[in-house]
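Engineer: Below: one structure in structure tokens.
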Amino acid sequence: MSKAGDDLEKIVAIIESSLSPDSEIEQNVFLPVLNSPSARTRQCDVVIRSGLKARQTVTLVEVQDRTSKVSIGTFCDWLEKLKEVGANHLICISRLDFPESVKEKASFEGNRVLLININKLLPESIPLDLVTFQFSYTNVSVKNVGNIQCCVRPGSFIGKASPPNLGQLGDKVWSKNKEDRVSILDVIEPILKEFHKESFGVIRNSTTLSFEKDNRLKLYFPIDGDFIEVGLAMELDYIYDSFFSPLSVSSYEQVDSGALAWVFEIEKDTSQGIVKLKIPVVPTSCGSYRLLDFIYDSEFDSKLELVELSNINTKCITNNLS
């Protein structure tokens, strides 16, 4: 998982790229300090280069993704950085409102310095025609498997060179149709999810699965160029967790200029670890909205899928363990 602030810097870079499509935008850049005898550099969260090289302007973007406001000391350091690297403009991004001292000092700089707040919106302040998102998370984590039984028809291994090596639960050595390969986990995870398809929250459970009750546990195993049908039975412990939740919305709002974009985001603590999702959206010239990207981060291997629901203004983001 990326460190705190990285995702917001990515969001800022994506939004600014959409606002200045002809500009060159880089994240986490070290610019040289002008006339420094020691070749000193300054770290910049985002750097925007605009125009032809002979007339190029450089904009620094500094991002504070914290629970505290940007202090006047931090702001003055950003102004000093602007001067030291010879940049032309400064954009300051904060999740909290800027204090009056910062607003006042920024006003003295004219349009050389812009202040942008990422303000979380209340439902009643969200534009009615803005696209909405729901995040659906479902995951099964198998913690322990025991008493595995493999049943085959009598005589299945006659003439075979050696007994089969069934591999690990995650090894894709099995087949349902004698062509495509799957793992045992691929087979049992959908079965476990069906047990709790109407459930939400975290469920820790134990169960017994058997081919005698579920034909999906009848698989083929390749050995010596042939496929042997195997019926599986096993006891296992697992964790099932699921939630369905709306994404919160924040406006990417320039002081005295209004909203330039919106950011949908969610952070959930699951049984496997934390998952985060951020989606930047910008208005278009024709009055609709454009989704710029998905910034997805998790503490475990997982995949993200976009599903469109019946409401044309609604998207459903689903997350499942790979």
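The values are calculated or read from the model by the stated rules, or taken from the named source; none is laboratory data. Here the structure is a predicted model, which means the values were calculated and not measured. Using ideal geometry, Cβ is built from the backbone for each residue, glycine included, and neighbour counts are taken over all protein chains shown.
A quick yes/no check of all residues on (1) surrounded by 16 or more Cβ atoms within 10 Å (Cβ to Cβ); (2) over 21 Å from the mean Cα position of the chain (by Cα); (3) outside the structural domain of C76 (by TED's automatic domain parsing); (4) of a type in the set (G, A, S):
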| position | (1), (2), (3), (4) |
| --- | --- |
| C92 | yes, yes, no, no |
| S101 | no, yes, no, yes |
| E109 | no, yes, no, no |
| Q134 | yes, no, yes, no |
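Engineer: Can you pull out every residue in the range 187-213 that is buried (at least 16 other Cβ atoms within 10 Å of the Cβ) and over 35 Å from the mean Cα position of the chain (by Cα)?
Structural biologist: The first filter runs over the range 187-213 and keeps only residues buried (at least 16 other Cβ atoms within 10 Å of the Cβ), leaving 187-189, 192-193, 196, 203, 209, 211.
Once the filter is applied, which keeps residues that are buried (at least 16 other Cβ atoms within 10 Å of the Cβ) and over 35 Å from the mean Cα position of the chain (by Cα), the range 187-213 yields only F211.
Engineer: Which residue out of F211, F244, F200 is in contact (Cβ under 8 Å) with a residue 24 or more places away in the chain and over 30 Å from K120 (Cα atoms)?
Structural biologist: F211
Engineer: Separate question: If I ask for residues that are buried (at least 18 other Cβ atoms within 10 Å of the Cβ) and either on the phi > 0 side of the Ramachandran plot or in contact with a Leu (Cβ under 7 Å, 6 or more places away or on another chain) (or both), which ones from the range 19-58 would you list?
Structural biologist: R42, C44, V47
Engineer: Pick out, from the range 27-100, the strands (runs of 3 or more DSSP E) lying fully within it that include 1 or more residues that are among the basic types (K, R) and in contact with a helix residue (DSSP H, G or I) (Cβ under 9 Å, 6 or more places away or on another chain).
Structural biologist: Answer list for the range 27-100: 41-50.
Engineer: Out of the range 272-282, which residues are surrounded by fewer than 17 Cβ atoms within 10 Å (Cβ to Cβ) and of a type outside the set (V, I, T)?
Structural biologist: G273, K276
Engineer: Looking only at the range 150-166, decide whether some residue is in a strand (DSSP E or B), at pLDDT below 85 and not aromatic (F, W, Y).
Structural biologist: Scanning the range 150-166 turns up at least one residue that is in a strand (DSSP E or B), at pLDDT below 85 and not aromatic (F, W, Y).
Engineer: Right, something else. Is there a residue being among the hydrophobic types (A, V, I, L, M, F, W, C), at pLDDT 85 or above and out of contact with any Leu (no Cβ under 8 Å at 6 or more places or on another chain) anywhere in the range 171-194?
Structural biologist: Yes: one or more hits.
Engineer: OK, next. Got at least one residue in the range 285-302 being in a loop (DSSP other than H, G, I, E, B) and β-branched (V, I, T)?
Structural biologist: no
Engineer: Among the listed residues F264, F300, identify the single one that is aromatic (F, W, Y), touching a Gly at 6+ places or on another chain (Cβ under 7 Å) and surrounded by 15 or more Cβ atoms within 10 Å (Cβ to Cβ).
Structural biologist: Working: F264 fails: touching a Gly at 6+ places or on another chain (Cβ under 7 Å).
Only one candidate passes the filter, namely F300.
Engineer: For the range 111-128, check the following and say yes or no: at least one residue is farther than 24 Å from I15 by Cα, in the same structural domain as D45 (by TED's automatic domain parsing), surrounded by 13 or more Cβ atoms within 10 Å (Cβ to Cβ) and more than 28 Å from the chain's Cα centre (by Cα).
Structural biologist: no
Here's the yes/no breakdown for (1) more than 27 Å from the chain's Cα centre (by Cα); (2) of a type in the set (A, V, I, L, M, F, W, C); (3) more than 30 Å from K103 (Cβ to Cβ); (4) not assigned by TED's automatic domain parsing to the domain that holds A13:
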| site | (1), (2), (3), (4) |
| --- | --- |
| D226 | yes, no, yes, yes |
| P246 | no, no, yes, yes |
| V249 | no, yes, no, yes |
| D256 | yes, no, no, yes |
| I279 | no, yes, no, yes |
| G287 | yes, no, yes, yes |
| L292 | no, yes, no, yes |
| Y296 | no, no, yes, yes |
| S302 | no, no, yes, yes |
